[in-house]
1. Out of region 150-186, which residues are under 25 Å from Ser128 (Cα atoms), of a type in the set (Ser, Thr, Tyr) and not in a helix (DSSP H, G or I)?
2. If you go through region 123-134 one residue at a time, do you hit one that is free of Cβ contacts under 8 Å to residues at least 24 places away in the same chain and more than 25 Å from the chain's Cα centre (by Cα)?
3. If I go through region 153-184 residue by residue, how many of them are within 30 Å of Ala120 (Cβ to Cβ), buried (at least 18 other Cβ atoms within 10 Å of the Cβ) and out of contact with any Pro (no Cβ under 9 Å at 6 or more places or on another chain)?
4. Limited to region 22-42, what total is found for residues that are within 25 Å of the chain's Cα centre (by Cα) and either outside any strand (DSSP E or B) or touching a residue at least 24 places away in the same chain (Cβ under 8 Å) (or both)?
5. Conditions: (1) surrounded by 16 or more Cβ atoms within 10 Å (Cβ to Cβ); (2) touching a Lys or Arg at 6+ places or on another chain (Cβ under 8 Å). Val82 meets all but one. Number of the miss?
6. Looking at region 94-110, which of its residues are in contact (Cβ under 8 Å) with a residue 24 or more places away in the chain and part of a strand (DSSP E or B)?
7. Looking at (1) at pLDDT 85 or above; (2) within 27 Å of Gly91 (Cβ to Cβ), which one does Leu156 not meet, given that it meets all the others?
8. Starting from residues that are of a type in the set (Lys, Arg) and modelled with pLDDT under 85, keep the ones in region 98-146 and report whichever is surrounded by the most Cβ atoms within 10 Å (Cβ to Cβ).
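The values are calculated or read from the model by the stated rules, or taken from the named source; none is laboratory data. Source: prediction; values computed, not measured. In this analysis, Cβ positions are derived from the backbone assuming ideal geometry, glycine residues included, and neighbour counts consider all displayed protein chains.
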Amino acid sequence: MTPTTETWRPVVGHEGLYEVSDLGRVRSVDRDVAYPGGRMQRHRGRVLSPKRTDEGRKYVNLSRQGKARLYKVALLVLEAFVGPRPPGTFGCHSDGDASNDRVTNLRWDTPSANNYDRIAHGRDWHASRTHCIRGHLLLAPNLTAAKARQGHRNCLACDRAKHSGLRGAELAELADDHYARILRAA
């Protein structure tokens, strides 16, 4: 296996302060900082340690003119290597792994395409759940057809019951009755 060469480009909006690589790493650059009283100090650049969310998304804290802000690493990579964000698009991970911020894994795409990616990679809660809140099994024929076509799993029995206007225990009882009828008909 040949070693991968890492390419660095300036972070858009932070040129001369930070750089981002095509492998999804962010670093500060060497620079001289002026302090009050005219004192100058040389700060050596270093690779930043990103913060991670539970889903694996990486963020870095970047400062400019004394103000710090968190930035998604994936968006920094896309802006530096692909170009500015087109209106109405998200930064999407093609392999579904939110921690893989390599430029080869990222793209600008629509929110809808991002949702389809989540479903395709098994990261969508609605598409992966097996039972509804009342414990009804979420398998055909107990799935609402419109939601199933979108890749979601919604309980047909509960959906039918909620349109009755009932509340509380009566609603739960009606939903269970609908569920029993759906299973008998199958």
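1. Correct list: empty.
2. No, there is no match, as no residue in region 123-134 is free of Cβ contacts under 8 Å to residues at least 24 places away in the same chain and more than 25 Å from the chain's Cα centre (by Cα).
3. Residues flagged as within 30 Å of Ala120 (Cβ to Cβ), buried (at least 18 other Cβ atoms within 10 Å of the Cβ) and out of contact with any Pro (no Cβ under 9 Å at 6 or more places or on another chain) within region 153-184 amount to 6.
4. Within region 22-42, residues that are within 25 Å of the chain's Cα centre (by Cα) and either outside any strand (DSSP E or B) or touching a residue at least 24 places away in the same chain (Cβ under 8 Å) (or both) number 5.
5. Failing condition for Val82: (1).
6. Selection gives Leu106, Arg107, Trp108.
7. (2)
8. The extreme case among them is Arg118.
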